[in-house]
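Have a look at the structure below before the remarks.
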Amino acid sequence: MSQPATVELQSLLDRLREGDKAARRQFLELACGRLRRLAARILYGSFPSLQARHDVDSVVHETWLRLIQALDKADPPTVEDFFRLAAHKIRQVLLDMADRRRRIEQRETLLGTGSMRLTAAGESASGQTYDAAKLALWTEFHNRVGQLPDAQRSVFEMHYYLGLPQSEIARLLALHPRKVSYLWIAATEELAEVLSLTEGLT
């Protein structure tokens, strides 16, 4: 996102934090493109089997509803903090969608009915491939991210989800670059087991 757009977002976020509800719509309109890119990256990268029933817009819509509620309590001071919160909420939305999908599949498989009934090859009646093992692995991965210690989670979310370089993360968090590198390595070590299992999954 360009520097002018970030500055404008920061101004709107400041107004939101001061209780200016009129700034909410403007903030959403300006942030929507980045929210969609962030949601698409997580949806297509980690939850491809959900695409049969959900698209990026539905994920963004549900995420924004949760963000509105969260903003009353979380009060993120910067644009980067807002998008870290957004990444967290996107993960929650997709994990909830995955859980609902899993329960529907279990019920339909048990009953042997429904349009999403799986064949022996793991393909649904609609032709959409469904891999429960992959979905379970990605669900575990995103749950593990949420359980990281605060400092590690902040660095991991900003680098992995928001795509910020470590030098920028160091500036935003007022940390020495070596500290950011250490926190990134520590986070990936915490996630090493599940990361190794998700390698190559799309």
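The values are calculated or read from the model by the stated rules, or taken from the named source; none is laboratory data. Nothing here was measured: the structure is a model prediction, and the numbers come from that model. Cβ sites come from the backbone with ideal geometry, for glycine too, and all protein chains shown count toward neighbours.
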Original post:
Restricting attention to the stretch 47-81, and to residues there that are touching a helix residue (DSSP H, G or I) at 6+ places or on another chain (Cβ under 8 Å), among the hydrophobic types (A, V, I, L, M, F, W, C) and in contact (Cβ under 8 Å) with a residue 24 or more places away in the chain, which single residue is nearest to residue 172 (Cα to Cα)?
Top reply: 79
Original post:
Of all helices (runs of 4 or more DSSP H) completely enclosed by the stretch 121-202, which ones contain at least 2 residues that are touching a Lys or Arg at 6+ places or on another chain (Cβ under 7 Å) and modelled with pLDDT of 80 or more?
Top reply: 132-146
Original post:
Considering only residues of the stretch 32-90 that are hydroxyl-bearing (Ser, Thr, Tyr) and under 25 Å from residue 134 (Cα atoms), which is farthest from the chain's Cα centre (by Cα)?
Top reply: 49
**OP:** Could you grab the pairs with beta carbons closer than 7 Å, sequence gap of 6+ or different chains, first residue in the stretch 91-113 and at pLDDT 75 or above, second one among the hydroxyl-bearing types (Ser, Thr, Tyr) and in a helix (DSSP H, G or I)?
**Re:** 93/63; 95/139; 98/139
Original post:
Which condition number does residue 105 fail, the rest of (1) in contact with a helix residue (DSSP H, G or I) (Cβ under 8 Å, 6 or more places away or on another chain); (2) within 20 Å of residue 143 (Cα to Cα) being met?
Top reply: (2)
